[in-house]
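Below is one structure, written out as structure tokens; the observations come after it.
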Amino acid sequence: KQEVTQIPAALSVPEGENLVLNCSFTDSAIYNLQWFRQDPGKGLTSLLLIQSSQREQTSGRLNASLDKSSGRSTLYIAASQPGDSATYLCAVNPGANNLFFGTGTRLTVIP
Amino acid sequence: NAGVTQTPKFQVLKTGQSMTLQCAQDMNHEYMSWYRQDPGMGLRLIHYSVGAGITDQGEVPNGYNVSRSTTEDFPLRLLSAAPSQTSVYFCASSYGGAGNQPQHFGDGTRLSIL
């Protein structure tokens with residue numbers, strides 16, 4: 001069964017800092033990987049989706065990379081802002097109608 | 001544009017009671033799904049549907065039923081609530097399958113079983 005791990009579980013950074021969130025998965029046979037943002041008491045918002053044939057995707061200050069062979073993805077956030085404070089989740093799709101989620105990294109950006 | 005709407009937002013049940021969690025989407029998405037989110041665990045798939053009249057089980061289907069009579073609605077039924085079903089439940093939808101397109105999530109239903 002696919003296992004998805006996100007380290008660290010929590011991270012605090014000062015405003016303006018660049019940061020990297022990590023996601024690892026045990027089975028490299030995936031179709032794609034998604035990064036989500038979850039605000040307290042809210043649902044998930046999809047940030048980036050990387051297909052297995054892609055190496056990275058960018059949206060504004062966010063850049064997600066995928067190294068399928070090593071079972072790793074990173075989410076890079078440039079020039080962090082207090083509004084970026086949230087829990088970030090990654091999820092992998094093994095090709096069936098299911099997503100396997102990590103437990104998330106709770107990010108706090110300190111003004 | 002409402003997106004994915006879940007009702008109720010909060011619910012407290014007694015063990016053995018039944019109830020239905022509602023999910024509706026207005027984006028004409030074929031794919032809909034239900035997840036539960038528990039502390040220290042990633043979201044886990046309960047049931048999903050690839051279109052009206054078609055449903056299938058996910059990773060943790062026991063104790064739950066679903067039906068999909070219309071494209072818009074995908075209710076989740078708890079048959080006989082148990083304390084182990086205390087969780088936050090999320091409904092999601094998308095064009096195509098689970099991972100082919102970005103998933104749109106509702107705000108969740110927080111369910112407590114006493």
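The values are calculated or read from the model by the stated rules, or taken from the named source; none is laboratory data. None of the values given here were measured: they were computed from a predicted structure. Glycine gets a Cβ as well: all are built from the backbone with ideal geometry, and neighbour counts include every protein chain shown. Surface areas here come from the heavy atoms of the whole protein model, side chains and all, with no ligands, DNA or RNA. Shrake-Rupley method; radii C 1.70, N 1.55, O 1.52, S 1.80 Å.
Descriptive notes on the structure:
- Output for region A:59-86, where each listed residue is within 14 Å of chain B (Cβ to nearest Cβ) and open to solvent by less than 40 Å² (accessible area, probe 1.4 Å): A:L62, A:A64, A:L66, A:S73, A:A86
- Test: residue in region A:100-108 that is surrounded by fewer than 20 Cβ atoms within 10 Å (Cβ to Cβ), of a type outside the set (G, A, S), without any contact (Cβ under 8 Å) to a residue 12 or more places away in the chain and within 14 Å of chain B (Cβ to nearest Cβ): no
- Restricted to region B:35-50, and to residues there that are open to solvent by less than 10 Å² (accessible area, probe 1.4 Å) and part of a strand (DSSP E or B), the residue that is farthest from the other protein chains (Cβ to nearest Cβ) is B:I46.
- Just so you know, in region A:87-99 the residues that are touching a residue at least 12 places away in the same chain (Cβ under 8 Å) and surrounded by 20 or more Cβ atoms within 10 Å (Cβ to Cβ) include one that is nearest to the other protein chains (Cβ to nearest Cβ), and it is A:N93.
- Of B:G96, B:G63, B:G53, all but one fail to be closer than 18 Å to A:N93 by Cα and surrounded by fewer than 16 Cβ atoms within 10 Å (Cβ to Cβ); the exception is B:G96.
- Taking the numbered list (1) facing another protein chain (nearest Cβ under 8 Å); (2) surrounded by fewer than 16 Cβ atoms within 10 Å (Cβ to Cβ); (3) at negative phi in turn, A:E56 passes all entries but (1).
- Residue match in region A:9-32 (condition: on the phi < 0 side of the Ramachandran plot, touching a Pro at 6+ places or on another chain (Cβ under 6 Å) and of a type in the set (V, I, T)): yes
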